[in-house]
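Written out below as structure tokens is the structure these notes cover.
The values are calculated or read from the model by the stated rules, or taken from the named source; none is laboratory data. Worth saying up front: this structure is predicted, and the values here are computed from it rather than measured. Cβ sites come from the backbone with ideal geometry, for glycine too, and all protein chains shown count toward neighbours. For accessibility, only protein heavy atoms count, side chains too; no ligands or nucleic acids. Shrake-Rupley method; radii C 1.70, N 1.55, O 1.52, S 1.80 Å.
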Amino acid sequence: MEKQNLLYEGKAKRMFNTNDETVLWVEYLDQVTALNGGMKDQMQGKAELNNQITSAIFEYLSNQGIKNHFLEKLSKTEQLIKKRSIIPLEVVVRNISAGSFSKRLGVEEGQVLPSPIVEFYYKKDELDDPFINDSHIAFLKLATPEEIAELKKQALLINEQLIKLFKKIDLQLVDFKVEFGRTDIGEIELADEISPDTCRLWDIATNKHMDKDVYRRKIGNIIPVYQEVLDRLNQLSLENKGE
């Protein structure tokens with residue numbers, strides 16, 4: 001596989017075309033951002049951590065039957081993915097009250113929700129990715145009612161699998177954000193990344209933040225925190241191979 005021209009550069013990664021028109025080459029960046037770019041810093045080692053964590057999680061989800069765009073990890077900072085037409089929606093699943101959910105509804109952080117809540121945000125940087133509902137999505141023609149139902153269904157299935165995975169490494173999945181893309185025949189498939197950048201994770205024993213809130217709230221250095229998440233995932237993988 002050959003890397004070709006730069007297709008896109010975002011806050012956390014670059015994407016390149018390859019000599020296979022159905023495959024993209026992803027390169028993670030040593031950059032951390034929060035508050036829609038309001039906070040931004042270079043952070044050595046972050047690219048390696050995000051790429052390796054995302055690769056491990058997508059491999060796990062693939063093994064659980066969750067269709068996604070991931071193909072393979074190429075290096076510590078690079079991976080190959082299937083080219084997809086990204087739906088401009090951030091799909092958020094919440095299991096425990098925290099972050100903007102708590103602020104918006106005046107709910108104390110840490111309350112376990114009776115059942116997971118699925119939210120949609122319009123992926124539009126210039127609008128600060130606003131919270132929207134099904135009617136807004138239909139009005140903007142971002143997805144059909146059937147696709148909206150499918151997005152919710154897949155998000156909840158992913159939630160179930162991630163809860164199981166993180167519980168095995170003593171982490172509580174508070175909430176997370178995912179994105180989806182359409183295949184050439186219009187099927188909806190998980191895309192983007194899943195990492196402590198996109199998940200809110202709390203240590204089960206201590207409630208310690210194990211995610212980007214460490215940076216967002218200025219309570220520590222995310223590199224050792226992300227490294228701990230990767231170490232736990234790697235240890236779990238070794239244990240599973242030994243069974």
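Within 21 Å of Val174 (Cα to Cα), open to solvent by less than 30 Å² (accessible area, probe 1.4 Å), at pLDDT 95 or above and aliphatic (A, V, I, L, M): does that describe Val118?
Taking the combined requirement at face value, the residue does not satisfy it.
Tally the residues that are among the charged types (D, E, K, R), open to solvent by 40 Å² or more (accessible area, probe 1.4 Å) and either without any contact (Cβ under 8 Å) to a residue 12 or more places away in the chain or in contact with an Asp or Glu (Cβ under 6 Å, 6 or more places away or on another chain) (or both), restricting the search to segment 10-28. Write out each step before concluding.
Going through segment 10-28, the residues among the charged types (D, E, K, R) turn out to be 11, 13-14, 20-21, 27.
If we keep only those that are open to solvent by 40 Å² or more (accessible area, probe 1.4 Å) as well, we get 11, 14, 20-21.
So of that shortlist, the ones also either without any contact (Cβ under 8 Å) to a residue 12 or more places away in the chain or in contact with an Asp or Glu (Cβ under 6 Å, 6 or more places away or on another chain) (or both) come out as 14.
Summing the residues that are among the charged types (D, E, K, R), open to solvent by 40 Å² or more (accessible area, probe 1.4 Å) and either without any contact (Cβ under 8 Å) to a residue 12 or more places away in the chain or in contact with an Asp or Glu (Cβ under 6 Å, 6 or more places away or on another chain) (or both) in segment 10-28 gives 1.
Looking only at residues that are among the aliphatic types (A, V, I, L, M) and part of a strand (DSSP E or B) in segment 77-110, which one is most open to solvent (accessible area, probe 1.4 Å)?
Residues of segment 77-110 that are among the aliphatic types (A, V, I, L, M), as a first pass: 80-81, 86-87, 89, 91-93, 96, 98, 105, 107.
Now restrict to residues that are part of a strand (DSSP E or B): 80-81, 86, 89, 91-93, 96.
Values: Leu80: 6, Ile81: 5, Ile86: 77, Leu89: 3, Val91: 1, Val92: 14, Val93: 0, Ile96: 8 Å².
Once the filter is applied, the top-ranked residue is Ile86.
How many residues are surrounded by fewer than 16 Cβ atoms within 10 Å (Cβ to Cβ) and either of a type in the set (Asp, Glu) or at pLDDT below 95 (or both) when one looks only at segment 128-137? Full working, then the answer.
Filtering segment 128-137 for residues surrounded by fewer than 16 Cβ atoms within 10 Å (Cβ to Cβ) gives 128, 130-131, 133-136.
Subsequent filtering for residues that are either of a type in the set (Asp, Glu) or at pLDDT below 95 (or both) retains 128, 134.
Residues meeting the conditions: 2.
Provide a single number: the residues in segment 201-232 that are in contact with a Leu (Cβ under 8 Å, 6 or more places away or on another chain) and of a type outside the set (Val, Ile, Thr).
Taking segment 201-232 and keeping what is in contact with a Leu (Cβ under 8 Å, 6 or more places away or on another chain), we get 201-204, 209-211, 216, 223, 226-227, 229-230, 232.
With the extra rule that they be of a type outside the set (Val, Ile, Thr), the set shrinks to 201-203, 209-211, 216, 226-227, 230, 232.
Qualifying residue count for the region: 11.
Hey, can you tell me all the residues within segment 174-206 that are out of contact with any strand residue (DSSP E or B) (no Cβ under 6 Å at 6 or more places or on another chain) and closer than 16 Å to Val229 by Cβ?
Correct list: Glu193, Ile194, Ser195, Pro196, Asp197, Asp203, Ala205, Thr206.
Working carefully through the options Ala205, Ala191, find the one that is of a type in the set (Gly, Ala, Ser) and in contact with a Gly (Cβ under 8 Å, 6 or more places away or on another chain). Please lay out each step first, then the result.
Values: Ala205 fails: in contact with a Gly (Cβ under 8 Å, 6 or more places away or on another chain).
Result: Ala191 is the single residue among Ala205, Ala191 that is of a type in the set (Gly, Ala, Ser) and in contact with a Gly (Cβ under 8 Å, 6 or more places away or on another chain).
Restricting to segment 29-66, give me the number of residues that are under 26 Å from Leu156 (Cα atoms), surrounded by 15 or more Cβ atoms within 10 Å (Cβ to Cβ) and either in contact (Cβ under 8 Å) with a residue 40 or more places away in the chain or among the hydroxyl-bearing types (Ser, Thr, Tyr) (or both).
13
Where the second residue is of a type in the set (S, T, N, Q) and surrounded by fewer than 10 Cβ atoms within 10 Å (Cβ to Cβ) and the first is in contact (Cβ under 8 Å) with a residue 12 or more places away in the chain and within 27 Å of Lys11 (Cβ to Cβ) and lies in segment 111-127, which pairs have Cβ atoms under 8 Å and are six or more apart or on separate chains?
As it stands, the answer is none, since no pair meets every condition given.
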